[in-house]
1. Of all residues in segment 126-151 being in contact with a His (Cβ under 7 Å, 6 or more places away or on another chain) and not charged (D, E, K, R), which is farthest from residue 201 (Cα to Cα)?
2. Looking at segment 142-189 only, could you name the residues that are among the hydrophobic types (A, V, I, L, M, F, W, C) and out of contact with any Phe, Trp or Tyr (no Cβ under 7 Å at 6 or more places or on another chain)?
3. Among the candidates 132, 146, which residue alone is of a type in the set (Lys, Arg), over 21 Å from residue 30 (Cβ atoms) and within 14 Å of the chain's Cα centre (by Cα)?
4. Please report, ordered by residue number, the strands (runs of 3 or more DSSP E) entirely within segment 78-177 with at least 3 residues that are surrounded by fewer than 18 Cβ atoms within 10 Å (Cβ to Cβ).
5. Given the criteria among the polar types (S, T, N, Q), at pLDDT below 95 and within 17 Å of the chain's Cα centre (by Cα), does residue 107 qualify?
6. What are the pairs with Cβ atoms under 8 angstrom where one residue, in segment 175-202, is farther than 12 Å from residue 153 by Cα and the other, located anywhere, is assigned to a strand (DSSP E or B) and polar (S, T, N, Q)? Sequence gap at least six, or different chains.
7. Is it true that some residue in segment 170-181 is among the hydrophobic types (A, V, I, L, M, F, W, C) and closer than 20 Å to residue 45 by Cα?
8. Among the residues of segment 178-202, what is the count of those that are assigned to a strand (DSSP E or B) and either of a type in the set (D, E, K, R) or closer than 21 Å to residue 131 by Cβ (or both)?
Amino acid sequence: MTFSKKQLIGYMEEKRFNPKKLDKLNNPMRFKALPPEFIIKKAAIENPEVIIDLGAGTGFYSAPFAEIYKLCRIYACDISEIMINWMQENLSPKYDNIIPLKTEDNSVPLNNNIADFLFMINLHHELDSPAKMLNECFRLLKPKGKIAISDHKKEKTEHGPSIELRYAPNEVKEQLLAAGFEKISIHSELSNNYLIIAEKQQ
């Protein structure tokens, strides 16, 4: 399938979140749709030293993790300079354990085997190359480290991108397996989002 320049620009605008819609990222209803406690319970995280929030946006989910795990360093990663600046101005003064970090596509400037836990919220459908990004996640995690991926279900929901951009949970599972992850569990009990937990064994 080929796209005109206008169609391609429209596709990318829908796929990548528009930083101008910051209020949408900070809507408290997001916690009702996907509670941080739900992620923590399903991932069974205990005393993490380092957490990575990939595609953090405004750090909306980094904040509750910082409150729950006060001794943990949380790298709030995003490719948008606007998001990084917003977090530095609004989150850093409140949370000394949140570290905003500018990233590039499929590349996070952190050492190998650094994180106990890594999570992505409504990011997977935006990835240009899920395989490359999941390989990078695998690199970043410690042995026995876990990854949590939550995204919009591949069905009609009140909010979210077009269905064509969404991945079904089993598609994400296959991508995780290809990247080397094991012990993959899929949780579909929430209304709008699924949650997938996987572990790096080696």
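1. Filtering segment 126-151 down to residues in contact with a His (Cβ under 7 Å, 6 or more places away or on another chain) leaves 130, 149, 151.
Right, trim to not charged (D, E, K, R) and you get 130, 149.
Numbers: 130: 20, 149: 17 Å.
The qualifying residue farthest from residue 201 (Cα to Cα) is 130.
2. Restricting attention to segment 142-189, the residues satisfying the condition of being among the hydrophobic types (A, V, I, L, M, F, W, C) are 147-149, 163, 165, 168, 172, 176-179, 181, 184, 186.
Residues satisfying the conditions are 149, 163, 165, 168, 172, 176, 177, 178, 184.
3. Values: 132 fails: within 14 Å of the chain's Cα centre (by Cα).
Answer to the selection: 146.
4. Numbers: elements: 98-102, 115-121, 141-152.
By residue number, 141-152.
5. Values: among the polar types (S, T, N, Q): yes; at pLDDT below 95: no; within 17 Å of the chain's Cα centre (by Cα): yes.
In short, no.
6. 197/185; 198/185
7. From segment 170-181, those among the hydrophobic types (A, V, I, L, M, F, W, C) are 172, 176-179, 181; that's our starting set.
Going one step further and asking which of them are closer than 20 Å to residue 45 by Cα, we end up with 176, 181.
Yes, some residue in segment 170-181 is among the hydrophobic types (A, V, I, L, M, F, W, C) and closer than 20 Å to residue 45 by Cα.
8. Of the residues in segment 178-202, the ones assigned to a strand (DSSP E or B) are 182-187, 193-199.
Subsequent filtering for residues that are either of a type in the set (D, E, K, R) or closer than 21 Å to residue 131 by Cβ (or both) retains 182-186, 194-199.
Qualifying residue count for the region: 11.
The values are calculated or read from the model by the stated rules, or taken from the named source; none is laboratory data. Predicted model only: the values in this text are computed from it and were never measured. Ideal geometry is used to build each Cβ from the backbone, glycine not excepted, and the neighbour counts take in all protein chains shown.
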